[in-house]
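Notes to accompany the following structure.
Any read-out appearing in this document is the output of simple, stated calculations on the displayed coordinates, not a laboratory observation. Worth saying up front: this structure is predicted, and the values here are computed from it rather than measured. Methodologically, a virtual Cβ is constructed for each residue, glycine included, from the backbone with ideal geometry; neighbour enumeration extends over all protein chains shown.
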């Protein structure tokens, strides 16, 4: 994109806040391929913002305040006029190129459009998305998930992999997923904790295996994603977000357009998803056969805000089958290397 190429080496200082509960910190901001990259003073990435998703919180005011989501949980303040103008220019260029879900494309789909207009009702988009999600075979779901992951890794970096680490992941899959087609992968950066993609793919941030002394924390986020998938099918979410034409295209061709997947990836990387209710988590931990307390203390080291997960821990003061053997856990902690 010409607009992005013009600013690809531009960098400036700013003030970044992870959430309203956190203090603002000084950061350096630069353009990535399709994202705004925020780094700390040690050049370590703190956050990647999808350029199409960035919002200007205070139009016309100085310093400019931006956020990657409409909820404005995470914010970035910039007073560098050149950088602010660059972000606005790139956002406008991307907005002009973005597809508009639901816009009728008469030249290509004249016959389909006529059929839709003849019988369209308010329930059609949702009904079509649900029907499409039900009839798409697993292999197509898997291909969609792999295609989305391939586009995602342009922002997050490649998935981590070592022979020993992969062996440990397969052991967790066997223990928790119950479906031999399910898969777990570790990402170096770009996601807060965990994400589910179509085709049974669960992605975990490397911090879940590197920053904790036991595998139960990473395993807990696998359980969380399994609960989230029960409530919301990742493919159905993609279809609803992409619009009617994307559902029709998937039904007729078995694939999505690249820009549809790019928008989907940008959205899920910045989407804030709440934890499942505590009672559902306790039930899931009981079925999975390991304690909920490690997750509780990972979320809040004091345990004050996660007390239900501690008090109702199904394996409190009880023995349970380890998630991994010590050697496999050490291998998994080293799966991303240095």
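Brief remarks follow.
- Spin-label model, residue 283 to residue 146: label points 7 Å out along the Cα-to-beta-carbon direction sit 3.5 nm apart.
- Sorted by Cβ density within 10 Å, fewest first, the residues 37, 244: 37, 244
- Gain on full stretching of the segment that runs from residue 58 to residue 81 - 0.36 nm per residue minus C-alpha separation: 6.9 nm
- Computed over the alpha-carbon atoms, the chain gives an Rg to Rh ratio of 0.99, Rh here being the Kirkwood radius from the mean inverse distance.
- Cα shape, the stretch 133-211, gyration tensor, a/c 1.5 rule: oblate
- Among beta bridges that DSSP assigns inside the stretch 123-333, antiparallel share in %, nearest 5: 50 percent
- Compared with the alpha-carbon gap, the fully stretched path from residue 73 to residue 126 is longer by 16.2 nm at 0.36 nm per residue.
- If the segment from residue 232 to residue 210 were pulled out straight at 0.36 nm per residue, it would be longer than the present Cα-Cα gap by 5.0 nm.
- Annotation for residue 301 and residue 179: the two label points, set 7 Å from Cα along the Cα-Cβ direction, are 3.7 nm apart.
- Estimated 222 nm signal from helices in the chain, with DSSP H stretches of n ≥ 4 weighted -39500 (n - 2.57), rounded to 500: -15000 deg cm²/dmol
- Footprinting exposure proxy for 256, 315 (fewest neighbouring C-beta atoms within 10 Å first): 315, 256
- Annotation: peptides 75-81, 330-336, ranked by per-residue average of other Cβ atoms within 10 Å with the highest first, follow the order 330-336, 75-81.
- Neighbour-count ranking [beta-carbon atoms within 10 angstrom, fewest first] of 16, 49, 329: 329, 16, 49
- Residues of the stretch 75-91 with amide N under 18 Å of a point placed 7 Å along Cα→Cβ from residue 30: 80, 82-84, 86-87
- Label-reachable residues, the stretch 203-223, where backbone N falls under 14 Å from a point 7 Å from residue 320's Cα toward its Cβ: 214-223
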